[in-house]
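Colleague: Sharing a structure here in structure tokens format.
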Amino acid sequence: MSAPSRPDRAPDPSPSGSDARRPDSALISLLRATLESTADGLLVVDRDGKISTYNGKFASMWRIPSEILSARDDRAALAFVLDQLVDPEAFLSKVRELYATPEAESFDTLEFKDGRTFERYSRPQWIEGQSIGRVWSFRDVTERRRTGEQLLQAQKMEAIGRLAGGIAHDFNNLLTTILGYSELILRTHPADGTLREEVGEIRKASERAASLTRQLLAFSRKQVIAPRVVSLNDVVAESAKLLERLIGEDIALTTDLDPALGAVLADPVQVEQVLFNLTINSRDAMPRGGRITLATRNASRTEPLAGLHFAIPPGEYVVLEVRDTGVGMDAQTLNRLFEPFFTTKETGKGTGLGLSTVYGIVKQSGGYIDVRSEVDRGAAFEIYLPRVPSPEASSGRHAPRPASDAAAGSECILLVEDEESLRRLARRVLEAQGYRVLEASNAEEAFALARRLPGRVRLLVTDVVMTGESGAELARRMVASWPATRVLYVSGYSDAASRGAGGLGPNTHFLQKPFTPDALVRKVREILDA
């Protein structure tokens, strides 16, 4: 139903039957201009249920045909608007209540079936102490409410992200110790021993736990990334080969790739993870088969886009879309979609981390994600990544570097870690390779050790977040006193080095927890040989 056209001439705002009080033409003009200039919809009704006046905003907001408004019958207007409302009975109840108590004032909120939200204000119209009618004012707060809900959702996700990142960081310390000692036992125990098999199972469980913490870190945007200029077309084409084997024969996987697609700055491995998680999510939403489409396109936005979870600002983007013909989602599910551990799958069928991982990766990559879905109408996930001007996009993941055998050494290493079990493990591993290791539990103790051997410490291996002085502050003091000192940060956070001054310098390196003994000694040797 189309909205009525704005009336050429507003109705006479003076109350009927009051010729003696009729204002002069200048006042009438002022009242008309005031009515039509407000952003709210205004309706005035007399005591007999007749429409005294209204403005064009009221007519357009309620989409009432002009013939109904021209008849001035408030009851006919009420009957027309009821079908638009989510709760018409509550609407009528409030109207009856106010007409029964002419002196009452009121405020409430109206929900529409099409998603709009109005605030409704009402107060009596008084003349010489008598109520001669009622003024209704309606304000469209749909966008304000949507923006507020987006802000609350963003704040909730940020708080959950900080919690998830903190848990993952602490858990990674434990996993590093478990993985490390498991590897040491496997090195020394006979190949045919029962204990070796049991320790191997412990190691496998630890590696699966480490995978979960990586997903938590991705959600909290603290995962290590290696961004570079890539073509999403190449990443999609390469990933589709594997995804076809994962989704089953009853689901068709198709691609719709823009040949003129721009480049983005992203970690191709993380993009693959996003594609994997979204495709598996779509597969699980199609128990009786269907179609999944992976699509790419360029997008130029001159106006902000109010998405479900983000307001996407103007700019040049490359869009990666994953859409399916599955069971779809209701509004309640859509609102909680990216919360970690939230899942609609039955117990044991999912961790609830897949889409929260996607959320974290997209945000960490400087992008935005929008979701469209209806029950029984499928779902479409659109990821907006900023387009970069460089035409030299490269495809796929990094070529793996051949792992060289960890060489032994004899250099002096200062090891600083406040987690005692992890510190003991790292010292044992490094000393087994021939290094001289000085260990400390905090920055003050570490600097005191270094001063006893001025210039002898070749490498500082330190956690970043510690009680008291941080690892980054200790590293600055060490390098200022002995410029040849090299630094290796070990942390569960990807932004560990950036918490210092200027991030990673030429003599500063990073190793993410959990790590294996082999990874530690390889990294140490690589830094010392550089």
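Colleague: Taking region 247-295 as the search range and keeping residues that are closer than 15 Å to Val358 by Cβ and small (Gly, Ala, Ser), which one is surrounded by the fewest Cβ atoms within 10 Å (Cβ to Cβ)?
Modeller: Looking at residues that are closer than 15 Å to Val358 by Cβ and small (Gly, Ala, Ser), I get Ala285.
Colleague: Restricted to region 454-483, and to residues that are modelled with pLDDT of 90 or more and assigned to a loop (DSSP other than H, G, I, E, B), which residue is nearest to Ala530 (Cα to Cα)?
Modeller: For region 454-483, the residue satisfying everything is Pro483.
Colleague: Name the residue that is farthest from Arg96 (Cα to Cα), counting only residues in region 51-65 that are among the polar types (S, T, N, Q) and over 45 Å from the mean Cα position of the chain (by Cα).
Modeller: So in region 51-65, the residues among the polar types (S, T, N, Q) come out as 52-53, 55, 60.
If we keep only those that are over 45 Å from the mean Cα position of the chain (by Cα) too, we end up with 52-53.
Working: Ser52: 18, Thr53: 20 Å.
Among them, the one singled out is Thr53.
Colleague: Just name the residue that is nearest to the chain's Cα centre (by Cα) out of those in region 296-313 that are surrounded by fewer than 18 Cβ atoms within 10 Å (Cβ to Cβ) and closer than 15 Å to Leu385 by Cβ.
Modeller: Gly307
Colleague: Inspect all residues belonging to region 99-106 and state whether any of them is in a helix (DSSP H, G or I) and surrounded by 13 or more Cβ atoms within 10 Å (Cβ to Cβ).
Modeller: Checked against the condition, which is being in a helix (DSSP H, G or I) and surrounded by 13 or more Cβ atoms within 10 Å (Cβ to Cβ), region 99-106 yields at least one hit.
Colleague: State yes or no: is Gly502 at pLDDT below 85 and either surrounded by fewer than 19 Cβ atoms within 10 Å (Cβ to Cβ) or in contact with a helix residue (DSSP H, G or I) (Cβ under 6 Å, 6 or more places away or on another chain) (or both)?
Modeller: yes
Colleague: For region 216-237, enumerate the residues that are of a type in the set (Gly, Ala, Ser), in a helix (DSSP H, G or I) and at pLDDT below 85.
Modeller: The one that is of a type in the set (Gly, Ala, Ser), in a helix (DSSP H, G or I) and at pLDDT below 85: Ala218.
Colleague: Filtering region 351-379 down to residues that are among the small types (Gly, Ala, Ser) and surrounded by fewer than 17 Cβ atoms within 10 Å (Cβ to Cβ), which residue is modelled with the lowest pLDDT? Talk me through it step by step, then tell me what you get.
Modeller: Step one: of region 351-379, the residues among the small types (Gly, Ala, Ser) are 352, 354, 356, 360, 365-367, 373, 378-379.
Going one step further and asking which of them are surrounded by fewer than 17 Cβ atoms within 10 Å (Cβ to Cβ), we end up with 352, 366.
Working: Gly352: 54, Gly366: 86.
Ranking the candidates gives Gly352 first.
Colleague: Here's another thing I want to ask about it. Of all residues in region 238-281, how many are in a strand (DSSP E or B), under 15 Å from Val319 (Cα atoms) and not polar (S, T, N, Q)?
Modeller: Taking region 238-281 first, the residues in a strand (DSSP E or B) are 251-256, 263-266.
From what's left, under 15 Å from Val319 (Cα atoms): 255-256, 263-266.
With not polar (S, T, N, Q) added as a condition, the list becomes 256, 263-266.
Qualifying residue count, region 238-281: 5.
Colleague: Only one of Glu346, Glu382, Glu392 is surrounded by fewer than 23 Cβ atoms within 10 Å (Cβ to Cβ), at pLDDT 60 or above and out of contact with any Phe, Trp or Tyr (no Cβ under 7 Å at 6 or more places or on another chain); which?
Modeller: Glu382
For every residue, the table says whether it meets (1) out of contact with any Ser or Thr (no Cβ under 6 Å at 6 or more places or on another chain); (2) at pLDDT 85 or above; (3) on the phi > 0 side of the Ramachandran plot.
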| site | (1), (2), (3) |
| --- | --- |
| Asn281 | yes, yes, no |
| Ala285 | yes, yes, no |
| Gly290 | no, yes, yes |
| Arg297 | yes, yes, no |
| Leu308 | yes, no, no |
| Pro314 | no, yes, no |
| Tyr317 | yes, yes, no |
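Colleague: Here are the criteria: (1) of a type in the set (Ser, Thr, Tyr); (2) modelled with pLDDT of 80 or more; (3) surrounded by fewer than 20 Cβ atoms within 10 Å (Cβ to Cβ). Tell me which single one Ser404 does not satisfy.
Modeller: Of everything listed in (1) of a type in the set (Ser, Thr, Tyr); (2) modelled with pLDDT of 80 or more; (3) surrounded by fewer than 20 Cβ atoms within 10 Å (Cβ to Cβ), Ser404 misses just condition (2).
The values are calculated or read from the model by the stated rules, or taken from the named source; none is laboratory data. What you are looking at is a predicted structure, and each value in this text was computed from that prediction instead of being measured. All Cβ positions, even for glycine, are placed from backbone atoms using ideal geometry, and neighbour counts span all protein chains on display.
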